[in-house]
Amino acid sequence: VFKKIIGDLYSKAMFFHCANHRLNLVINDTNAVIEIRNTVGTIKEIIKFFRDSTLRRNMVPNIPLLCETRWSAKHKAIRIFKLNFIEIMNGLEKLTTSMNCQTRQKAHHLYVAATSSNFVVALHIIAMYSSILEPVTNQLQETQLNLQSLNEKIGDLVKILNCHRENSEEEFATIFQEIQTCCNLLNIDLKLPRLVKRMTHKSNQPAHSVEEYYRRSIFISYLDSIITSLNERFSENHKIPFALLQLHLREMKLLTKQEFIKIVSKIENFYGTSLLENFIVEATTWYETWKKKTLDPSNIEYIDLLENAKSFYPSVFQAIKIGLTLPITTCTVER
């Protein structure tokens, strides 16, 4: 609602969806892979089952709930769950002989679900990439993050995932060795599911081995989902407004005069001369002035530029003020 109201009043006021929200939506998109969705649901049930009782909670290490709003905590919870998976399964197995009927039935239901081949494979895959996504989620909460830094972080993440996708046999082989070790400790028989020609609700991948089947049906599908979603949700939208950050000395030092003029021309075309009057000329003078100075740009904050621009560069001053309002996440504001 507010987005529409403000947009009607100020057409150049851009809406920026929080980067952390978008990354969380990327993870939610992996629910399109049925095995992943079922595994995450079972993990939630198991954690809740142990945390609902003090006696049950004491049987396993402390595992935080899968919080839907604190995404770094969600990744951490899955990682900790996988690290303590053997102890959790031993705890569930003991509870299947509990004197309490409800506890016994629930423990048996969860034990059967968590010792299935699909669950064990999906758990190890999710846990591995949760470990990769956890630090990225934490970095996206930095107050000094801008779109350029965001694009670099997301770009690096996509490169890693694409590399894993291209070398899926090698990458999954490492994961599968760990899966086999886990299954041996729990006496789980890793086997191919029954394949049906007209199967619409389960993976029906042709394969010559158990490893090949799970690599195709879960591992590759999971990676494809994340890569596609990252590319869609972190597109090049709103790139021009964030080009205002190029007015900083640190960024200008990396640009030639011709490159800089192209950037400020795009900025002027976007915001218009009524808001940024004579902006190209002023910005070019601003560029030439700063390029001659031998200052350490790391000691100058973007907000410090306001004082330098206020008297002689009114359009640059206005542009910097706009640049200071551009958010990359809403984490700080929400907190």
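The values are calculated or read from the model by the stated rules, or taken from the named source; none is laboratory data. Because the structure is a prediction, the values reported are computed rather than measured. FYI the Cβ positions are ideal-geometry reconstructions off the backbone, even for glycines, and counts take in every protein chain you see. We work out accessible area using only protein heavy atoms, side chains counted, and drop any ligands, DNA or RNA first. Shrake-Rupley method; radii C 1.70, N 1.55, O 1.52, S 1.80 Å.
Could you please report the charge total around residue 315, scoring K, R as +1 and D, E as -1 over all other residues with beta-carbon less than 10 angstrom from its beta-carbon?
Neighbour charge sum, excluding residue 315 itself: -3.
Averaged over all directions, how much area does the convex hull of the C-alpha atoms of region 18-67 cover when projected, in nm²?
4.2 nm²
If R0 is 30 Å, what FRET efficiency do you get for residue 162 and residue 37 from their C-beta distance, rounded to 0.05?
Result of the calculation: an efficiency of 0.80.
Would you compute the Debye intensity of region 240-335 from its alpha-carbon atoms alone, equal scatterers and no solvent, and pass along log10 I(q)/I(0) at q = 0.10, 0.18, 0.23, 0.25 Å⁻¹ to two decimals?
-0.25, -0.80, -1.26, -1.46
Rounded to a whole number, what is D in µm²/s for region 5-146 from Stokes-Einstein with the Kirkwood radius over alpha-carbon pairs (4 °C, 1.567 mPa s)? Could the numbers behind the result be given before it?
Working: Rh = 16.9 Å.
In µm²/s, the coefficient is 77.
Multiply the residue separation of residue 311 and residue 232 by 0.36 nm, subtract the distance between their alpha-carbon atoms, and state the gained length in nm to one decimal.
That works out to 24.2 nm of additional length.
What does the charge dipole of region 240-335 about its Cα centre add up to, to the nearest 20 debye, if the Cβ of each Lys and Arg holds +1 and the Cβ of each Asp and Glu holds -1? Can you show the working numbers first?
On the way: 11 positive and 11 negative charges, 42 e Å.
For this selection, approximately 200 debye.
Would you mind getting me the FRET efficiency between residue 185 and residue 262? Use the beta-carbon distance for r and R0 = 51 Å, nearest 0.05.
Details: r = 60 Å, r/R0 = 1.19.
Efficiency, from the Cβ-Cβ distance: 0.25.
Between 254, 140, 25, find the one with the highest GNM mean-square fluctuation for the chain; connect C-alpha pairs within less than 10 Å.
254
Express the carbon and sulfur contribution to the solvent-accessible surface of the chain as a percent, rounded to the nearest whole number, probe 1.4 angstrom.
The value for the chain is 52 percent carbon and sulfur by accessible area.
Which length gain, in nm to one decimal place, applies between residue 54 and residue 325 when the Cα-Cα distance is subtracted from 0.36 nm times their residue separation?
92.8 nm
Per the Kirkwood definition applied to all pairs of different Cα atoms, how many angstroms is the hydrodynamic radius of region 89-180? Working shown, then result.
Values: mean 1/r = 0.0611 Å⁻¹.
Hydrodynamic radius (Kirkwood, Cα only) of region 89-180 equals 16.4 Å.
Ignoring ligands, DNA and RNA, what accessible area per residue does region 23-97 give at 1.4 Å, in Å²? Could the numbers behind the result be given before it?
Numbers: 3610 Å² over 75 residues.
With the other protein chains kept in place, region 23-97 gives 48 Å² per residue.
Select from 295, 83, 247 the residue whose mean-square fluctuation is largest in a Gaussian network model of the chain (Cα-Cα springs shorter than 10 Å).
Comparing 295, 83, 247 in the GNM, the peak value goes to 295.
Hey, in the GNM for the chain with a 10 angstrom Cα cutoff, which one of 259, 211, 277 fluctuates hardest?
259
Accessible area, 1.4 Å probe, largest first: how do 321, 266 sort?
My answer, sorted largest first, is 266, 321.
In deg cm²/dmol and to the nearest 500, what is the mean residue ellipticity at 222 nm of the chain if only DSSP H runs of at least 4 residues count, each as -39500 (n - 2.57), divided by the residue total?
Value at 222 nm, helices only: -20000 deg cm²/dmol.
Once the Cβ-Cβ distance between residue 278 and residue 138 is put in as r, and R0 is 41 Å, what FRET efficiency do you end up with, to the nearest 0.05?
Computed FRET efficiency for residue 278 and residue 138: 0.45.
Along its principal axes, what span do the Cα atoms of the chain show, with the longest given first and each in whole Å?
Sorted largest first, the three principal extents are 81, 46, 42 Å.
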